[in-house]
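Remarks on the structure that follows.
Values in this text are rule-based calculations from the coordinates and carry no lab data. Here the structure is a predicted model, which is why all the values come from computation and not from measurement. All Cβ positions, even for glycine, are placed from backbone atoms using ideal geometry, and neighbour counts span all protein chains on display.
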Amino acid sequence: MTTVINQLHCINDRGATMPDLHYGELCQGIAGAGTHRCTLFEHLEKAVIQAGVRLHWGTEISKIQTKGNIDQLIDTEANGHGPFDLLLVCDGSRSTLRDQIGLPYSHRQFPWGALWFIGKRTEAFHSN
């Protein structure tokens, strides 16, 4: 199940807002999509298996190499993988791969690992 998210608004235990992001202020008509990462993985895994894509489990990618328009991934054992039609870089907020792509991004590191919880949405929260 995926939920459309129009705003992220979090308040810490001292009452300070962190963050307050309205997706519509970034670009008209956009929204976030919320889903559990396990659900996303299950959908992606099912789609790639049905498409006949070969999966490499337990392979850590250390480098994205671009040769013309062909992207190749290099793993920690110096093996090359690719080319690819689509690359999803999902190695977290301290990504080393994201830096190699050359796309602009904004990132602020916090001293803690992650802020998240699984909770029950009450009537006090909007559905999105």
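Annotations
- Under the simplified labelling scheme, the R37-I5 pair shows an inter-label distance of 1.3 nm, with each label point 7 Å from Cα along Cα→Cβ.
- Stretch gain in nm, segment S62-N79, where the contour uses 0.36 nm per residue and the Cα spacing is subtracted: 5.1 nm
- Here r is the Cβ-Cβ distance between Q100 and R14 and R0 is 30 Å; the resulting FRET efficiency, rounded to 0.05, is 0.20.
- Computed about the Cα centre, the dipole magnitude for the range 56-103 is approximately 140 debye when only Lys and Arg (+1) and Asp and Glu (-1) carry charge, each at its Cβ.
- Between L87 and H22, the FRET efficiency estimated from the beta carbon spacing at R0 = 35 angstrom works out to 0.75.
- Listed by Cβ neighbour count within 10 Å, with the fewest neighbours leading, Y23, Y105 appear as Y105, Y23.
- Each residue in L40, L86, L26 was given a count of other beta-carbon atoms within 10 angstrom of its own, and listing them fewest first yields L86, L26, L40.
- Here the range 1-53 is treated with +1 on each Lys and Arg Cβ and -1 on each Asp and Glu Cβ, and its dipole about the Cα centre works out to around 100 debye.
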